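The next block holds one structure in the form of structure tokens; read it before the comments.
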Amino acid sequence: MTHRTAISARRSRAGMTLLEIIVVVAIALVLTAVMATGLSSVFSLRQRTAASQLVTTYTLLREEAVLRNQTFRIAYHLDGGWYQVEMGDPGTLIFSDPDQREEYERDRASKLARYSAEEVDADDPLGGFSAVAPFDSERVDLPNGTAFGGVKTPQYNDMVRPSGAEEDEDDPLVVYSYIFPTGFTEPTVVQLVDDDDDDRGFTIIVQAMTGSVRMEPEVIDYRDAFGDHPDEGPGFPQ
């Protein structure tokens, strides 16, 4: 009886130990899930804050452009994950389609082969821009875990996306979005996404004529961003 009792006691202790392990593992899994959810919420909050800041920037720039009679642009450094506000000449012109932009870039590359960058910039219709107040920082970095999914303006056939490489300081991948002193804002779509999930993030949509900006809590294809606009303007009576 004594021998059987000892065996039963050992089995009981072994059973309790296994149960304790199961409980500990279960608690660890719950804590991991809670921590993962918490980290996800933090990333989402950071992304939302970054997207809201961009919306506010566009709104302020439209007001500043009219008040100062100056042209502003936001320079999106896609590979670097940052952007900055720049101010330039009120008479600045932009390209109405990708063909004009590509012709300009070929012409500029040809001039750079013959002249210095300073000489080319002095005669460049898109030159003369510099970082400007009231935006105290020369650059605004996206929060950790957030990247540009892409930027689309009428100057490009398709959305321009990061190359996946580190930013080349000598030849960075930059897309510009312009705001003019007339109040006209270049129609722009900006995607802010998770580093690890291009399908999760926010979309900033800038309307052309009204200059209004809206933020969507999802990644929207640029072709659907202006879906409420008609393909053609109203016709005239015959």
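Bear in mind that the values in this text are calculations on the coordinates, not laboratory data. Quick caveat: nothing in here was measured; it's all calculated off a predicted structure. Neighbour counts run over all protein chains shown; Cβ positions are idealised from the backbone, glycine included.
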Next item on the list: Highest first, please rank the peptides 55-67, 159-171, 205-217 by the mean number of other Cβ atoms sitting within 10 Å of their residues.
Entry: 55-67, 205-217, 159-171
Check: Under a Cβ-Cβ cut-off of 13 Å, what is the net charge of the residues other than ASP194 that fall near it, where Lys and Arg count +1 and Asp and Glu count -1?
Finding: -3
Notebook entry, point to check: What are the ³J(HN,Hα) values, in whole Hz, obtained from phi via the Karplus relation 6.51 cos²θ - 1.76 cosθ + 1.60 with θ = phi - 60°, for each residue of region 160-166 in sequence order, with x given for Gly and Pro?
Noted result: 8, 10, x, 7, x, 9, 5
